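First up is the structure itself, then whatever we jot down about it.
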Amino acid sequence: MSSTKITSKIIEKAEKNASEILENAQKQAIVNKKQIKEQSKKQLAEIKEQTDKDIEAIKHKNELMLRLESRKKVLATKRKVIDLVYDAAEKELSQLDESKWQSLITRIVVNASETGTEKLRVPHKDRAKYEQAGPDGKTFLASLNDALIKSGKKGQLTMDAEDGKFDGGLVLIQENADINASFDYILNMIREDSENEVASVLFDKEG
């Protein structure tokens, strides 16, 4: 075979191979394009699904936050109402007439005094009520001592020289420990014991 024919054969074979390679490449490109398209669709679907889930999660979280915020506002409003109830009680205590005030102080002293020999520390504004004589010539301090004697204790209360730094009530000064019977302290103690009951009375009908 001449060199010319051999060359022609090689070229022919190369052209055939090139044609086959090109055809295969085109087929592969079509396949790859299809796979890429399918993969893209799949990824887009997954992204959309995750996005939908994220949106729902955000909506749910926002709903929970709104409910929580609403509950906080309701609780804050209830707290204000309860505060008003105890503020009203404190105001009523501060505005007792003389007879009711003396009756309340007498009960407090008789119940709180351990020996009947304590000193009374009272607000400056109330000191005169204890020390000034009434129409019968007797001071309220003397009446308190009489009440203590009747209860079986010594009636030897005296006034402390220091004024109490509270608005109403008193503190019994003893040798070992003082007894706080100020109105503020008494109301706080009452509030700790009764706040749930007060809230129940005020708000139970809501449910």
### Task
Quick one: how many lysine pairs does region 96-203 have with C-alpha atoms less than 26 Å apart and a gap of 8 or more or different chains? Give me the count, please.
24
### Query
Rounded to the nearest 0.05, what FRET efficiency do residue 100 and residue 71 have when you use their Cβ-Cβ distance and R0 = 35 Å?
0.30
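Just need the relative contact order of region 87-161 here, percent rounded to a whole number, with Cα pairs under 8 Å and 6+ apart. Spell out each step's value before the answer.
Working: 65 pairs, mean separation 26.7, N = 75.
Rounded, it is 36 percent for region 87-161.
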### Task
Between residue 136 and residue 156, take the C-beta separation as r, use R0 = 22 Å, and let me know the FRET efficiency to the nearest 0.05.
0.60
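Only the coordinates and a few stated rules stand behind these numbers; no lab work does. Keep in mind the model is a prediction, meaning the values are calculated, not measured. So basically every Cβ, Gly included, is an ideal-geometry build from the backbone, and we count neighbours across all protein chains shown.
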